[in-house]
Amino acid sequence: QVQLVESGGGLVQPGGSLRLSCATSESIFNIYPMGWYRQAPGKQRELVARIFSGSRTYYADSMKGRVTISRDNDKNTMYLQMNSLKPEDTAVYYCNLQIGLTNYWGQGTQVTVSS
């Protein structure tokens with residue numbers, strides 16, 4: 001059973017930074033696509049960034065230029081460094097791992113950007 005556990009969310013002021021982490025039990029996760037999604041209240045879940053084998057990355061327009069996705073294969077952990085945060089970035093952020101046609105999700109971590 002694949003488990004994904006996010007951490008690192010919290011309350012931050014506009015312009016601040018946070019680093020989210022996603023730890024997985026999957027020892028070979030570095031060959032599967034992983035990503036970060038977010039869901040704000042009343043809105044659909046949307047893609048923030050994805051990372052593929054070989055560390056190729058893709059960023060959605062929503063946060064492009066302000067986030068960096070990365071992963072540490074030795075620690076089976078993926079990260080999302082978020083900078084210059086805005087109030088509209090407030091959402092629950094979810095970690096995703098895709099194995100074939102199956103998507104696995106973490107429980108989510110709340111990010112609140114407010115003064």
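The values are calculated or read from the model by the stated rules, or taken from the named source; none is laboratory data. Quick caveat: nothing in here was measured; it's all calculated off a predicted structure. Ideal geometry is used to build each Cβ from the backbone, glycine not excepted, and the neighbour counts take in all protein chains shown. Note: areas computed on protein heavy atoms with side chains; ligands, DNA, RNA excluded. Shrake-Rupley method; radii C 1.70, N 1.55, O 1.52, S 1.80 Å.
For the chain, the Cβ-based charge dipole about the Cα centre amounts to some 180 debye (Lys, Arg positive; Asp, Glu negative; other atoms uncharged). Near ILE99, the amide H atoms lying under 5 Å from its own belong to TYR104; only residues 5 or more places off or on other chains count, and H is placed 1.01 Å from N. Note on the range 1-84: with neighbouring protein chains present and a 1.4 Å probe, carbon and sulfur make up 44 percent of its accessible heavy-atom surface.
Each Cα pair of the range 19-87 feeds into the Kirkwood radius, which the Stokes-Einstein equation turns, at 10 °C and 1.306 mPa s, into a diffusion coefficient of 126 µm²/s.
Between ASP72 and PHE52, the modelled labels are 2.6 nm apart [label points 7 Å from Cα along Cα→Cβ]. The calculated pair-distance distribution of the chain uses every alpha carbon pair, bins of 10 angstrom beginning at 0, and gives 15, 51, 29, 6, 0 percent.
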